[in-house]
Amino acid sequence: MAESLRINGERLLARIEELASIGAIDGGGSCRLALTDEDRAGRDLVVTWMKDLGLDVSIDSIGNVVAVRAGKNDGPATMTGSHIDTVKTGGRYDGNLGVLAGLEIIESLSENNIQTQHPVAVAFFTDEEGARFAPDMLGSLVYVGGMTLEEALDIKGVDGSKVGDELDRIGYRGTSPCPGPSPRAFVELHIEQGPVLEVEGITIGAVTGVQGISWTELTVTGESNHAGTTPMALRHDSGFAAASISTYVRELSIEMGGSQVATVGRLELNPNLVNVVAGSAILTVDLRNTVEERLLEAENKLADFLSELGSSEGLKIEKRQLARFEPVEFNQEVVSTVENVASRMGHSVMQLPSGAGHDAQMMARVCPTGMVFVPSHKGISHNPQEHTDPEDLIAGCNVLFQTILELDTTDFGGAESK
Ligand code: HGY
Ligand code: MN
Ligand code: MN
């Protein structure tokens, strides 16, 4: 009976649409930067849905929200979830799909009067994107004890605001303690945000792990000067330096090959005027690789380039690490369960690593963890054009559903009762 259970696809799609309408932007996406009024509105809507389902909803000290449906036994839950904060040019599926799929699965369990052995939980974590407050995956990092609450509350955002103040302002600094209780297993549904599944014509991704991430903020200080009168040899041009760094990291990635990727995503020149040699520049470098040694190599090569650039151009270049997470391998039993469930349901499935960071990357520190991917059209994400076909959204949610049911009776060792 349980194997034939399926979700209510229309209800899932309707909730995705409703949540997407909060912070809606042109092109069909959403802007709900972490801890903004739009994020609060999104949180309020999802918490209302959680309470309407009669779940036990808790909010912790960094604003993570966990909703639990009781099982036959007490104890650690089989948890799913993701995030509902977005980047400024967000799509409607990044993060949101994983949270609303968890909600839909719980509602389907109740509709079918299914009692699971263990509690089932759905969570949304604070500030997964890291676009306003770095690092990314901030809420789940604190949840698993990877950063102290005090340190997290003290983080200053790109707009000068502080995490703790903004949490208070939107009324989501909860009382549940951090680190939070470790679930017995965690599995997250997410769009791939890359081109692989679509190119391969595959519906489901059984995600093997997440690549390493290195975010650095660079402050370049030169000398603002007249753009017309200053001889080229006398310029200390921060604008030139920023452009050189952006070009360098691209060339470095192409030269290194493999999974190495890099970009300069944020760049502010000062005074940012047509006829003034830029006196200073603030920019960010995002480096990623599936192999830790290669990511370190990229970081070291960038460091050498920066010191050479600083001395040849007479610039001061200061670095601030915004995020640094090593690559993570997911639990093989969870990965195989996703793969077997997908095949049994008749879906094409393949194993692949994740290029994007996810809350699962943090949860893997404390429990057996895995992810389910569904295709992203043309691999586009962090863009309102982000799209996944409705049948793939529903397929992914049903694979997550059956995976959760299978994990419910999986003995991960330890003192678990059957
Ligand atoms: O940056 C990331 O990979 C994620 O979207 N936070
Ligand atoms: Mn995401
Ligand atoms: Mn994202």
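So is L103 touching a Leu at 6+ places or on another chain (Cβ under 9 Å) and within 15 Å of ligand 1 (Cβ to nearest atom) or not? No; evaluated as a whole, the condition is false for this residue.
A residue that is assigned to a helix (DSSP H, G or I), surrounded by 23 or more Cβ atoms within 10 Å (Cβ to Cβ) and more than 16 Å from ligand 1 (Cβ to nearest atom) occurs nowhere in segment 57-79. Every condition in (1) outside any helix (DSSP H, G or I); (2) surrounded by 16 or more Cβ atoms within 10 Å (Cβ to Cβ); (3) out of contact with any strand residue (DSSP E or B) (no Cβ under 6 Å at 6 or more places or on another chain) is met by G346 except one, and the failing one is (2). Can N73 be described as over 24 Å from P390 (Cβ atoms) and either modelled with pLDDT of 95 or more or not charged (D, E, K, R) (or both)? So N73 fits the description; yes. Residues of segment 179-225 that are within 20 Å of A298 (Cβ to Cβ) and in a strand (DSSP E or B): G209, V210, G212, I213, S214, W215, T216, E217, L218, V220. Suppose we keep only residues that are over 14 Å from I105 (Cα atoms) and either more than 13 Å from ligand 1 (Cβ to nearest atom) or of a type outside the set (S, T, Y) (or both) within segment 80-91. Which one would you say is surrounded by the most Cβ atoms within 10 Å (Cβ to Cβ)? Per the criteria, the residue is D85. Of the numbered criteria (1) within 16 Å of ligand 2 (Cβ to nearest atom); (2) more than 30 Å from D411 (Cα to Cα), the one E166 fails is (1). The residues in segment 240-293 that are of a type in the set (D, E), outside any helix (DSSP H, G or I) and over 15 Å from I317 (Cα atoms) can be counted, and the count is 1. Out of curiosity, is L400 touching a residue at least 24 places away in the same chain (Cβ under 8 Å), among the aliphatic types (A, V, I, L, M), more than 16 Å from ligand 3 (Cβ to nearest atom) and part of a helix (DSSP H, G or I)? So L400 passes the test.
The values are calculated or read from the model by the stated rules, or taken from the named source; none is laboratory data. The structure presented is a predicted model; accordingly, all values stated were derived computationally and were not measured. Note that each Cβ is placed from the backbone with ideal geometry, even for glycine, and that neighbours are counted across all protein chains shown.
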